[in-house]
């Protein structure tokens with residue numbers, strides 16, 4: 001089965017048909033709104049003018065910087081520190097699953113995606129963005145080559161595996177897409193776009209009961225995934241004969 005327009009590559013584009021709910025325009029004082037002097041997400045535990053540190057609820061490896069992060073935090077150092085990135089993602093995933101509405105969820109998703117696409121390596125970041133842009137233009141072969149290079153340089157970066165999985169899916173290489181999605185989720189078990197992607201591939205393979213379970217898992221992480229919600233409704237009616 002040829003994949004449809006569900007798996008879309010590119011900055012700001014929905015992957016696997018994952019779309020965010022529309023939200024009102026954000027004000028400049030929104031703590032998650034990027035500005036020239038503020039990072040696009042809060043650093044947990046940071047206080048104004050004081051970098052977090054051990055014993056103060058801060059992120060390991062974060063320290064003062066001229067980079068303009070919140071509270072003077074060196075955001076580049078945070079991105080480069082696997083423990084710090086994991087801690088930040090855990091807190092953001094928790095905030096996402098408990099978001100009171102779509103607007104709050106969208107703000108958290110923006111922060112999560114920033115972390116997904118910042119690896120701590122300028123070279124890998126550039127390769128990742130280039131691969132996404134080229135994939136959006138439809139040159140899947142070149143995008144795949146670039147992602148192979150990015151994975152070789154940074155094999156523990158979940159987003160490079162995730163992006164390569166989408167390219168494989170678009171090339172109708174479902175077994176390779178599954179392998180890369182499983183690697184993505186081994187590195188980042190709550191990567192909700194990869195979870196939805198896994199559901200999409202399983203659907204294409206005719207494994208609808210497994211796909212339904214996967215979509216439900218995605219909604220546990222991010223209750224505001226419209227694509228996953230619709231998939232659960234459709235598959236539940238088809239498999240279980242019930243409405244959601």
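The values are calculated or read from the model by the stated rules, or taken from the named source; none is laboratory data. Everything quoted here is computed from the prediction, not taken from an experiment. Cβ placement follows ideal geometry from the backbone for every residue including glycine, while neighbour counts extend to all protein chains displayed.
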Enumeration of residues in segment 119-133 that are touching a helix residue (DSSP H, G or I) at 6+ places or on another chain (Cβ under 6 Å) and surrounded by fewer than 22 Cβ atoms within 10 Å (Cβ to Cβ): 120, 124, 130
Can residue 136 be described as in contact (Cβ under 8 Å) with a residue 40 or more places away in the chain, surrounded by fewer than 21 Cβ atoms within 10 Å (Cβ to Cβ) and not assigned by the TED database to the domain that holds residue 108? yes
Per the filter on segment 144-188, residues part of a loop (DSSP other than H, G, I, E, B), more than 11 Å from the chain's Cα centre (by Cα) and more than 22 Å from residue 206 (Cβ to Cβ) are 154, 155, 156, 157
Yes or no: residue 80 within 16 Å of residue 158 (Cα to Cα), over 13 Å from the mean Cα position of the chain (by Cα) and at pLDDT 95 or above? no
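Among 181, 205, which is the only one that is outside the structural domain of residue 135 (by the TED database), out of contact with any strand residue (DSSP E or B) (no Cβ under 8 Å at 6 or more places or on another chain), crowded, with 16+ Cβ neighbours inside 10 Å and farther than 20 Å from residue 108 by Cα?
Working: 205 fails: crowded, with 16+ Cβ neighbours inside 10 Å.
When all the criteria are applied, what remains is 181.
Assess whether residue 94 counts as being closer than 20 Å to residue 224 by Cα, assigned to a helix (DSSP H, G or I), out of contact with any helix residue (DSSP H, G or I) (no Cβ under 6 Å at 6 or more places or on another chain) and modelled with pLDDT of 95 or more.
On the way: closer than 20 Å to residue 224 by Cα: yes; assigned to a helix (DSSP H, G or I): yes; out of contact with any helix residue (DSSP H, G or I) (no Cβ under 6 Å at 6 or more places or on another chain): yes; modelled with pLDDT of 95 or more: yes.
Judged against the criteria, residue 94 is a match.
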